[in-house]
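See structure below.
The values are calculated or read from the model by the stated rules, or taken from the named source; none is laboratory data. Every value quoted in this text rests on a predicted model; they were computed, and no experiment measured them. When we count neighbours, we look across all protein chains shown, and the Cβ atoms used for this are built from the backbone with ideal geometry, even at glycine. For accessibility, only protein heavy atoms count, side chains too; no ligands or nucleic acids. Shrake-Rupley method; radii C 1.70, N 1.55, O 1.52, S 1.80 Å.
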Amino acid sequence: MSSPASPRSTWSNRWAFILVTIGSAVGLGNIWKFPYMAGSQGGSAFVAVYLICVVLIGLPLLMAEILIGRRGKGNPVSAMLNVAEETRSSPWWGIVGWVGVVGALLILSFYSVVAGWIVDYLIKSISGFRVETAEGASAAFKALLANPLEMALWHTVFLAMTVGVVARGVISGIEKANKVMMPGLFLILVLLTLWGGIAGDMGAAWDFMFAFKAHDLTPGVMLAAVGHAFFSLSLGMGAIMAYGSYLDRDSSIASTSIWVAMAGTLVGLLAGLAIFSLTFAQGLEPAAGPGLILQTLPLAFSHMPGGQGFAIFFFTLVLFAAWTSAISLVEPFVAWLTERLGIRRPLAAWGTAAAVWILGIAVCLSFNIWSGYTLFGLNLFELLDFLTSRIMMPLSGLAIALFVGWAMGRHSVVDEMQLQGKAFEAWYRILRYLAPLAILLVFFHALGWLG
Ligand code: PHE
């Protein structure tokens, strides 16, 4: 017999939390961004720094963010303020919540445009789209980038899909779908990697990703990899804090975080192996930039037995993964509007969507009509990505490490973390010393302040 208070119900809660958090973490970051970043940022050097950062900085910070969310019980701004008040720290820490909430919306503006590309390719696949040559694949992607209306349409559709869920607060439906879609995504990536082994050049892909070449390791590559570790684990943007506030006290923050970090990393590595083995075999360029997977994969699907069906499944699952991540990008701000200002949820959600939509339209234009408008040589899309992944996320991560490591006080941290012995000490020391120092070093190094 199982009563609501039996251990069994606790487990199922914990798994539900793990699933939504994996839903937030696993998304375009792992499938779209990781391969193209690795491809254009030195391959194995990027991958090595990324993996080290996930384990040494990302995972401990994931735990710290869940911890703040659960203790502060509220949207990221309130959670930071609540914990700061409880531990008699300065209310200025609330700024960290704000950086996250605003950063998440900035990310969403271009995330939604890229998810729109996936919608576009899904529709194309359904209508029998094929490309025969590498040139054909590149031309098809370029044609999409040159068409602001088409991009704007799919951006609008994707944003509406996302906000529709947040407006109704029906995270539970997604939670159920997640149970099927996430394993589905994983399976299709395994199949794709196997196909990469059959039809592609797995040896070259392996070399490119794992044969470490120290000369590729520049400060810029290091900052890109640190930033991507944050991006792929949804760190520093309030998303994890917002979800952490729903976690019950019996669940272990540490093991939950390990699951999430493993899932995200594995998806990225599988996607990378599959994509690079096909990229090399097809004579495409690994440094193709943001269009990498949308050039490599359609070409591979066109030559695969049952490729059309496979493409449809693949793009559907990627879209789903993007959707669950996008929801976690809107939720923090909408939670703040409803909890703090008392605005009704639908109004809060659609109002937020309107602002993000406008910025997203500007992103669509930055690939074509407005591509001449640049700042530091970056167009709006690149600028938003740079600002969020390489500046806001690392700095917000730094602040979270300092908050939990120094400001909160050991007593509250021990009480909330429920981790004992050496594991706790190691984690706590990482937050106090290693993570802040590492982030600062990489940051200043990349800015050229350390020579
Ligand atoms: N982690 C998500 C991805 O990899 C993106 C994301 C970043 C989601 C920050 C929420 C917060 O696609």
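Run down G74, G164 and say which single residue is away from the ligand (no atom under 16 Å from the Cβ), outside any helix (DSSP H, G or I) and under 29 Å from T338 (Cβ atoms).
G74
Of all residues in region 219-260 being modelled with pLDDT under 90 and in a loop (DSSP other than H, G, I, E, B), which is farthest from L387 (Cα to Cα)?
Result: D250.
Check region 358-374 and report whether any residue there is touching a Lys or Arg at 6+ places or on another chain (Cβ under 9 Å) and more than 19 Å from S252 (Cα to Cα).
no
Of all the residues that make up region 302-340, how many are more than 16 Å from the ligand (Cβ to nearest atom), open to solvent by 10 Å² or more (accessible area, probe 1.4 Å), assigned to a helix (DSSP H, G or I) and within 23 Å of M182 (Cα to Cα)?
Counting residues in region 302-340 that are more than 16 Å from the ligand (Cβ to nearest atom), open to solvent by 10 Å² or more (accessible area, probe 1.4 Å), assigned to a helix (DSSP H, G or I) and within 23 Å of M182 (Cα to Cα) gives 6.
Just one of (1) away from the ligand (no atom under 14 Å from the Cβ); (2) under 26 Å from A335 (Cα atoms) trips up I52, so point out which.
It fails just one condition, (2).
Within the group I361, I369, which residue is of a type in the set (V, I, T), in a loop (DSSP other than H, G, I, E, B) and open to solvent by 10 Å² or more (accessible area, probe 1.4 Å)? Before the answer, list the steps.
Numbers: I361 fails: in a loop (DSSP other than H, G, I, E, B).
Exactly one residue qualifies, and that residue is I369.
Which of the residues spanning region 242-254 are within 16 Å of the ligand (Cβ to nearest atom) and open to solvent by less than 10 Å² (accessible area, probe 1.4 Å)?
A242, G244
Can you tell me which condition M151 does not meet? The list is (1) surrounded by 18 or more Cβ atoms within 10 Å (Cβ to Cβ); (2) closer than 30 Å to A399 by Cα; (3) not β-branched (V, I, T), and all the others hold.
(2)
What residue, among those in region 278-298 that are in a helix (DSSP H, G or I) and under 13 Å from G43 (Cβ atoms), is most open to solvent (accessible area, probe 1.4 Å)?
The selected residue is F280.
So which residues in region 127-142 are part of a helix (DSSP H, G or I) and either in contact with a Phe, Trp or Tyr (Cβ under 9 Å, 6 or more places away or on another chain) or open to solvent by less than 60 Å² (accessible area, probe 1.4 Å) (or both)?
A134, G136, A137, S138, A139, A140, F141, listed by residue number.
So, of the residues in region 21-36 that are more than 6 Å from the ligand (Cβ to nearest atom) and open to solvent by less than 10 Å² (accessible area, probe 1.4 Å), which turns out to be farthest from the chain's Cα centre (by Cα)? Let's see the steps before the verdict.
Taking region 21-36 as the starting set, the residues that turn out to be more than 6 Å from the ligand (Cβ to nearest atom) are 21-23, 26, 31-36.
Pick out the ones that are also open to solvent by less than 10 Å² (accessible area, probe 1.4 Å) and you get 21, 23, 26, 31-35.
Working: T21: 11, G23: 9, V26: 6, I31: 10, W32: 10, K33: 9, F34: 10, P35: 13 Å.
Taking the candidates together, the pick is P35.
For region 418-451, enumerate the residues that are assigned to a helix (DSSP H, G or I), open to solvent by less than 60 Å² (accessible area, probe 1.4 Å), over 20 Å from V226 (Cα atoms) and not aromatic (F, W, Y).
G421, A423, E425, A426
Mind listing whichever residues of region 191-241 are within 16 Å of the ligand (Cβ to nearest atom) and among the aromatic types (F, W, Y)?
F230, F231, listed by residue number.
I'd like to verify a number: residues in region 50-82 that are without any contact (Cβ under 8 Å) to a residue 60 or more places away in the chain and not hydrophobic (A, V, I, L, M, F, W, C), how many?
The number of residues fulfilling the criteria is 1.
Quick check on region 403-417. Is at least one of its residues polar (S, T, N, Q), in a helix (DSSP H, G or I) and over 30 Å from A362 (Cα atoms)?
We begin by selecting, within region 403-417, every residue polar (S, T, N, Q); these are 412.
Still in the running and in a helix (DSSP H, G or I): 412.
Checking the rest, the ones that are also over 30 Å from A362 (Cα atoms) come to 412.
So far as region 403-417 goes, yes, one or more of its residues are polar (S, T, N, Q), in a helix (DSSP H, G or I) and over 30 Å from A362 (Cα atoms).
If you go through region 79-93 one residue at a time, do you hit one that is within 16 Å of the ligand (Cβ to nearest atom), touching a Ser or Thr at 6+ places or on another chain (Cβ under 9 Å), open to solvent by less than 10 Å² (accessible area, probe 1.4 Å) and closer than 12 Å to I240 by Cβ?
Within region 79-93, one or more residues are within 16 Å of the ligand (Cβ to nearest atom), touching a Ser or Thr at 6+ places or on another chain (Cβ under 9 Å), open to solvent by less than 10 Å² (accessible area, probe 1.4 Å) and closer than 12 Å to I240 by Cβ.
Hey, G97 hits all of (1) open to solvent by 10 Å² or more (accessible area, probe 1.4 Å); (2) closer than 30 Å to M161 by Cα; (3) within 16 Å of the ligand (Cβ to nearest atom) but one; which does it fall short on?
The single condition G97 does not satisfy is (1).
Kindly list the number of the only condition in (1) open to solvent by 20 Å² or more (accessible area, probe 1.4 Å); (2) within 13 Å of the ligand (Cβ to nearest atom); (3) not small (G, A, S) that fails for I343.
Only one criterion in (1) open to solvent by 20 Å² or more (accessible area, probe 1.4 Å); (2) within 13 Å of the ligand (Cβ to nearest atom); (3) not small (G, A, S) is unmet by I343, namely (2).
Within region 110-120, is there a residue that is of a type outside the set (K, R), away from the ligand (no atom under 16 Å from the Cβ), under 28 Å from S252 (Cα atoms) and modelled with pLDDT of 95 or more?
no
Can you confirm whether V47 is over 20 Å from D248 (Cα atoms) and among the hydrophobic types (A, V, I, L, M, F, W, C)?
Working: over 20 Å from D248 (Cα atoms): yes; among the hydrophobic types (A, V, I, L, M, F, W, C): yes.
The answer is yes for V47.
Looking at A281, A311, A300, which one is under 13 Å from S125 (Cα atoms), of a type outside the set (D, E, K, R) and over 23 Å from the mean Cα position of the chain (by Cα)?
A300
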